[in-house]
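Report on the structure given below.
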Amino acid sequence: MVLVAVFGAALLVAVLLSGLAARTVLSTSFLFLVGGALVSDGFLGLIHITPDSEIVAVTADLALFAVLFTDGMHVSFPKLRANWKNPARALGLGMPLAFVGMALVTHYLVGLDWTTSFLVGAVLAPTDPVFASAIVSRKEVPSKLRQLLNVESGINDGLALPVVLILIVAAGPTTGHAETSFGKIALELGLGLAFGVLLPLLVNGLVRFRLLGAEPKLQPLLPLATGITLYALCHLTHANPYLAAFSAGAVIVAVSPQAKTAFEPLGEALAELAKFAALLVFGALLTPQLFGDLSFGGYVAVFLAIVLIRPASLLLSLIGTRFDRREKLVAAWFGPKGFASVVYGLLVLQAGIPQGEQAYTLIAVCIAFSIIAHSSTDVPIARLFHVDDLAGIPESRDGSPADRAGQDDGVSAAPGPR
């Protein structure tokens, strides 16, 4: 109950300061991260959470599922087909370059073996637009830049997951529930994709029956019920929930745009609550001991991951595109590590591989510094694009909310916590 009280107090403070945070370098994400750290064993000792605590895995798992489910609903397949080249460059070239670059610095600066080093690279390869909301949610920012960041971050979680799972198996003997095989990984991914596609299609088919259908005030609950059912189904059958979540969101918006419209306000609010809870719990893991366990070489690797590896890899992937210099630099900078990396890092720790603890320490510290760096710089950088109304959603000339997801570029995220 202490954790619930802390979460309620942190949520109250975050909401009261959210207007200020939307206009300054203050970040609500940072508030939850710091709040979790302050009440943990490392400082005030009000709550006692360790990486193997069930609440850590559950909150991170739910947050990532919610993020991917709502991210999938921001994908418009027709418009994505017309503007796929830049995201394809980021995913097909930039992401592998970042993966390899992180593996190299991890091996040579931290001293982990090659397999575990590549595992760290795979965990830290996915990006998250949540911590750059002032960039990805504003119409003043060029649509091709917002589309690049949104599509890249929405898809790279699913692309990284098979690599993470395979490298965990290859890294050495695992313990208990972490034991798996390449065939099992393929089955879990295949089932996740199948459930994510088939369940929304089934629900959409049921709605078409004359005697069935939701009344207007309950329509937002239909996608929610689909998501909850999908989450439970995946965990009961050991299908991959993250691939299922993203594919289900994309299918829902493709077959029933009105369901997405009805669900969006509720979905975004629930996703933000899940994100805040995950940030609070993750912050509780950031004890002085964790930071003390990372070597000097590890801190150098973290610094390079944020300021060199991601920027350089994306800049190389964007050579020859129509982005101007400012747009390329902004896209290269905003590669924050988010909830996917948190979940995948916990998978590494809980797998019990030989160098899993050292890998997790590096991953956790890198995520913490990435959240701080990126969530505190999105507002100043947004001002480069003359984004002035940062405290709320700007209105168009006819008074209706402007730049909602899908209106101008088909792939746009609603403002998330900073």
Projected onto the charge dipole of the range 201-359 (+1 at Lys/Arg Cβ, -1 at Asp/Glu Cβ, origin at the Cα centre), which of 216, 309, 286 gives the Cα projection farthest towards the positive end?
216
In Å, what Kirkwood hydrodynamic radius results for the range 247-322 from the alpha-carbon pair distances?
16.9
Just how much of residue 247 is accessible, in Å², when a 1.4 Å probe is used and the result is rounded to the nearest 10?
20
How much net charge surrounds residue 50 when only other residues with a Cβ under 13 Å from its Cβ are counted (Lys, Arg +1; Asp, Glu -1)?
-4
Relative to the compact-globule estimate 2.2 N^0.38 Å (N residues), the Cα gyration radius of the range 151-287 stands at a ratio of 1.22
Just to be sure I follow: if Rg is taken over the C-alpha atoms of the range 35-80 and Rh is the Kirkwood radius over the same atoms, what is Rg/Rh?
1.28
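Quote the charge dipole size of the chain about the Cα centre in Debye, to the nearest 20; the model charges only the Cβ of Lys and Arg (+1) and of Asp and Glu (-1). Walk me through the numbers before you get to the answer.
Details: 25 positive and 28 negative charges, 240 e Å.
Dipole size: approximately 1160 debye.
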Kirkwood radius from Cα pairs of the range 188-264 plugged into Stokes-Einstein at 37 °C, 0.692 mPa s, gives D in µm²/s equal to 264
Can you tell which of 90, 241, 346 lies farthest toward the positive end of the dipole of the chain, using +1 and -1 charges on the Cβ of basic and acidic side chains (Lys, Arg; Asp, Glu)?
90
Of 85/184; 85/337; 144/184, which sit over 29 Å apart, Cα to Cα?
85/184; 144/184
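The values are calculated or read from the model by the stated rules, or taken from the named source; none is laboratory data. If you're wondering where the values come from, they're calculated on a predicted model, not measured in any experiment. Cβ: placed from backbone, ideal geometry, glycine included. Neighbour counts: every protein chain shown. Side chains included, ligands, DNA and RNA excluded: accessible areas come from the protein's heavy atoms. Shrake-Rupley method; radii C 1.70, N 1.55, O 1.52, S 1.80 Å.
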